[in-house]
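Bear in mind these aren't lab numbers, they're just calculated from the coordinates by the rules spelled out. Since the structure is predicted, the reported quantities are computational estimates derived from the model, not experimental observations. Methodologically, a virtual Cβ is constructed for each residue, glycine included, from the backbone with ideal geometry; neighbour enumeration extends over all protein chains shown.
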Amino acid sequence: MSFQLNNEQQMAINDALLSLTEREMKYLKGSWAETFSKKIFPFIEEDRFKVLYSDNPASRPNNPANVYFGLLILREIFNQSDEEALNSLMFDIRYQYALHTTSFQEQPVSKNSLTNFRAAVYSYNQEHGIDLIQEEIESHAQQFSKLLKIEGKTIRMDSLMVSSSCRKLSRLEIIYSTVARLIKVIDKNATLPENFKPYQEEGHYNDTIYRSRDKDLNSKIKKVLKDGLRLHHLYRKNKEISKTEEFKLLSRMLKEQTRKGRIKPSKEISPDSLQNPTDPDATYRKKGKKKHIGYTVNIVEKFDDKNRMITGYDLQKNTYSDQKFAQDTISKLPVEKDEVTALVDGAYYSEDIAKKAEAKGIKMVPTNLVGGGKNSNSDKFEIDEKEHTVKKCPSGHQPITSTFKEGSYRAHFNQKHCSNCPLRKDCSVVKQKKSYLFKVSEKTFHRSQLIAKMGTSEYQELARKRAGIEGIPSTLRRRYKIDHLPVRGEVRSKVWLGFKISAINCKRLIKGLMNRPIPELSTLLYNHLFSLFSFQRTYRVKFAA
């Protein structure tokens with residue numbers, strides 16, 4: 001199927017819009033479809049998806065990629081299935097108007113169109129490492145921000161755990177399931193040895209997993225692992241079997257669960273290890289008192305006093321730290337001429353990351369700090385960081401000596417100054433035989449400065465603005481069912497996440513534009529005339545594939 005742009009559209013004689021009454025047209029223009037048609041659909045860049053199609057111009061042209069993309073957004077906005085979205089496109093004039101398909105004799109989407117489009121995106125991502133959906137959605141976010149006039153002087157970040165739809169398995173179940181899946185593949189493609197045939201019996205799974213006493217558990221794990229090692233030895237040189245996904249998962253499981261053919265202690269199993277062979281990308285993480293199997297999502301939001309827009313997102317295995325997300329986000333952001341403030345949770349923050357951000361004109365403002373906010377009061381000392389010397393103590397006394405070595409300051413103060421000092425109780429100096437020693441590392445000194453700054457009313461007022469992003473995880477769970485995705489795997493899950501993010505952004509754009517003050521009469525007249533002429537489109541009939 002060759003690629004062809006969907007940019008030559010025009011109203012036809014039998015256009016569906018022409019059958020509407022004046023009253024119906026008025027309601028259509030006042031609905032969400034008007035904003036989607038004029039402000040969202042035109043931003044969908046079809047050229048980005050050209051790579052999914054054939055270079056052969058003689059092959060059948062594709063159906064409009066921008067219609068597929070737009071329909072997938074509407075599907076999420078209205079919480080529909082693929083079939084419901086397709087039915088809406090065929091019978092709802094608002095969908096057709098929003099996606100510029102009112103002139104089509106047949107709507108250019110069929111039963112499997114959306115599934116096939118997503119599958120093509122998955123394959124391209126797995127082959128090239130490029131997420132076309134993320135690129136497109138983040139591009140839209142920049143355009144939407146301009147329409148809403150969000151300057152982007154302040155951004156905020158938050159993360160959430162996303163559960164995999166796979167079932168949580170015990171260690172025995174993980175090992176058994178991996179072995180049993182490979183046995184099925186071998187049975188279809190080669191001769192299965194007799195001693196592995198019990199795995200195909202109906203009651204074998206229940207007998208092994210559920211009808212076990214605690215004292216038998218370890219022996220059963222060893223037995224199933226032994227079968228797995230035998231299978232690996234028998235078929236590792238079989239070109240057909242060794243290339244299968246099931247054999248690769250067996251190899252991974254054996255590497256994670258054993259050492260030199262012997263079972264590893266449970267404490268040595270990595271959180272990155274296989275949790276369920278049906279979702280190999282899902283990992284284990286304990287956050288607080290909760291245990292999670294699945295992924296972690298990062299959200300970057302640009303905002304002002306009136307509007308907000310999600311300008312960046314990512315999905316990784318849930319062992320991926322917030323600090324790594326912070327580093328990724330900073331590397332993607334351009335060098336800013338005017339300072340941008342990034343409001344983050346303490347888990348995102350480190351001094352090294354803050355320095356990298358500062359080099360790009362970004363000021364990181366953590367709302368709290370990992371490890372607590374106890375202050376060493378070293379910030380009360382006057383330190384010249386250019387000369388690396390301690391100048392004065394909180395009471396204004398100069399040190400006898402001051403040195404800087406291996407990232408730490410050391411200063412000795414006169415005993416007569418420190419012994420009866422009224423600030424001694426809260427001072428971080430340590431009494432020695434001949435003097436009082438003040439010792440602090442650069443990082444501790446900077447942390448102390450930051451903690452002191454966090455106590456100011458100006459800082460707290462700025463930090464409170466981060467709270468606005470904490471509603472997004474709840475929205476994704478409650479409205480968009482992010483913990484119940486119908487797909488498994490990191491690549492697929494991220495694509496589905498992307499359309500949910502796009503739905504949130506589109507709803508914010510529509511709401512933001514509808515809440516704007518009514519423009520002057522001259523502007524209304526201009527927009528009316530512009531819409532009349534811009535809606536004229538070259539007619540081209542498209543049939544569903």
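Across the stretch 1-108, the convex hull enclosing all Cα atoms gives 111 Å³ per residue. Less than 5 angstrom separates the built amide H of residue 343 from those of 155, 156, 157, 365, all sequence-distant by 5 or more or on a different chain. Peptides 44-50, 71-77 ordered by packing proxy, namely the average of other Cβ atoms within 10 Å per residue, highest first: 71-77, 44-50.
When ranked by the protection proxy of mean other Cβ atoms within 10 Å per residue, highest first, what sequence do the peptides 376-386, 256-266 form? Don't jump to the answer; show the numbers that get you there.
Details: 376-386: 16.0, 256-266: 12.4.
With the highest mean Cβ count within 10 Å placed first, the list reads 376-386, 256-266.
The modelled label-to-label distance between residue 507 and residue 479, using points 7 Å beyond Cα along the C-beta direction, is 0.2 nm. Within a straight-line Cα-Cα reach of under 17 Å, residue 184 can be paired with the following aspartates and glutamates, leaving aside sequence neighbours fewer than 8 residues apart in one chain: 173, 194, 201, 202, 227, 240, 245, 246.
Looking at the stretch 415-511, I'd like the Rg to Rh ratio, where Rg is from alpha-carbon atoms and Rh is Kirkwood's inverse mean 1/r. It would help to have the intermediate numbers written out before the result.
Details: Rg = 25.7 Å, Rh = 19.0 Å.
Rg/Rh for the stretch 415-511 comes to 1.35.
Highest mean packing comes first when the peptides 309-316, 454-461, 243-250 are listed by Cβ atoms within 10 Å, giving 309-316, 243-250, 454-461. Note that the stretch 19-29 has calculated 3J(HN,Hα) couplings of 8, 7, 6, 4, 5, 5, 5, 5, 5, 4, 5 Hz, one per residue in order, obtained from phi through the Karplus relation 6.51 cos²θ - 1.76 cosθ + 1.60 (θ = phi - 60°); glycine and proline are x. Pairs exceeding 26 Å between alpha-carbon atoms, taken from 289/425; 355/386; 146/360; 149/360: 289/425.
The H on the amide N of residue 314, modeled in the peptide plane, is under 5 Å from the matching H of 298, each at least 5 residues off or on a different chain. On the principal axes of its alpha-carbon atoms, the chain has extents of 98, 85, 41 Å, going from largest to smallest. For 348, 27, the sequence from fewest to most other C-beta atoms within 10 Å is 27, 348. Extension gain, residue 58 to residue 78: 0.36 nm times the residue separation minus the Cα-Cα distance gives 3.4 nm.
In terms of the Cα gyration tensor, with a ≥ b ≥ c the square roots of its eigenvalues, is the stretch 131-284 rounded because a/c is under 1.5, prolate because a/b exceeds b/c, or oblate?
Taking the square roots of the gyration eigenvalues as a ≥ b ≥ c, the stretch 131-284 is prolate.
Here the Karplus relation 6.51 cos²θ - 1.76 cosθ + 1.60, evaluated at θ = phi - 60°, turns the backbone of the stretch 346-352 into coupling constants of x, 5, 7, 9, 8, 5, 5 Hz, with x for every Gly and Pro.
Are any of the pairs 337/465; 363/439; 287/324; 317/500; 306/363; 286/511 more than 26 Å apart by Cα-Cα distance, and if so, which? Exceeds cut-off: 363/439; 286/511.
Averaged across orientations, what area in nm² does the convex hull of the alpha carbons in the stretch 378-454 project? Numbers along the way, then the final one.
Numbers: hull surface 20.3 nm².
Average of the hull's projected areas for the stretch 378-454 equals 5.1 nm².
Listed by Cβ neighbour count within 10 Å, with the fewest neighbours leading, 232, 484, 204 appear as 484, 204, 232. Contact order, relative form, for the chain: 21 percent (alpha carbon pairs under 8 Å, 6 or more residues apart, mean separation divided by residue count).
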